[in-house]
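The following block contains the structure, expressed as structure tokens.
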Amino acid sequence: MKSYKDLLVWQKGISLVKKVYVLTQKYPDLERFGLVAQMRRASVSIPSNIAEGQARHTRKEFIQFLSHSEGSVAELETQIVLSLELGYCSEVETQGITVLTTELSKMLDSLRRKLEMNG
């Protein structure tokens, strides 16, 4: 299997992290240890779990870590909704993140299912 760095899903995860960090830089200071920290943690968790799972060298563990990444995508999507509803950002500002979370969700699901079927 390729290095995790060669996986498009991991590369898109890294792009997502950068977008989340840029977006949350403008959030209110009172959210630094709240929503900002949670969003950054959730986004970082996505490519991190992909990398860790792939590095474990067992199909079962890789599948488990991909599931963790899928959960982190859902967590981040929820936090984006909260950010919009709290007025911390606009839909235009979150568009790139939303596109990536949708892509990542599909890619992670597809990769996980493929690994499960080939088990």
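We did not get these values from a lab; they are worked out from the coordinates using the rules stated. What you are looking at is a predicted structure, and each value in this text was computed from that prediction instead of being measured. Every residue, glycine among them, receives a Cβ derived from its backbone with ideal geometry; neighbour counts consider all protein chains shown.
Considering Cα pairs under 8 angstrom that are at least six residues apart, work out the relative contact order of the chain and quote it in whole percent.
Relative contact order for the chain comes out at 31 percent.
Follow-up. Could you sort 95-102, 23-30, 70-77, 42-49 so that the peptide with the highest average Cβ count within 10 Å comes first and the rest follow in order?
In descending order of packing, they fall as 42-49, 70-77, 95-102, 23-30.
Would you mind giving the three semi-axes, in whole Å and largest first, of the ellipsoid equivalent to region 11-84 according to its Cα gyration tensor?
26, 11, 9
Please arrange V92, V81 by counting, for each residue, the other beta carbons lying within 10 Å of its beta carbon, fewest first.
Arranged by neighbour count, lowest to highest, V92, V81 become V92, V81.
Please give the length that would be gained between T102 and L30 if that part of the chain were fully extended, namely 0.36 nm times their separation in residues minus their C-alpha to C-alpha distance (nm, one decimal).
Numbers: separation 72, 0.36 × 72 = 25.92 nm, distance 2.88 nm.
23.0 nm is the gain from fully extending T102 to L30.
Which order results if V20, V9 are arranged by neighbouring Cβ count within 10 Å, fewest first?
Working: V20 26, V9 20.
Ranking V20, V9 by Cβ neighbours within 10 Å, fewest first, gives V9, V20.
Okay, next question. From the phi of every residue in region 7-16, what ³J(HN,Hα) in whole Hz does the Karplus formula 6.51 cos²θ - 1.76 cosθ + 1.60 yield, where θ is phi - 60° and glycine or proline is x?
6, 4, 5, 5, 4, 5, x, 5, 4, 4
Compute the angle between helix 59-85 and the longest alpha-carbon principal axis of the chain, please, reported from 0 to 90 degrees and rounded to the nearest 10.
10 degrees
Nothing charged except the Cβ atoms of Lys and Arg (+1) and of Asp and Glu (-1): what's the magnitude of the dipole of the chain about its Cα centre? Round to the nearest 20 debye.
I would put it at about 560 debye.
Moving on to the next point. By the scheme Lys and Arg +1, Asp and Glu -1, what is the net charge of all other residues having a beta-carbon under 11 Å from that of T98?
Counting the neighbours of T98, the net charge comes to -3.
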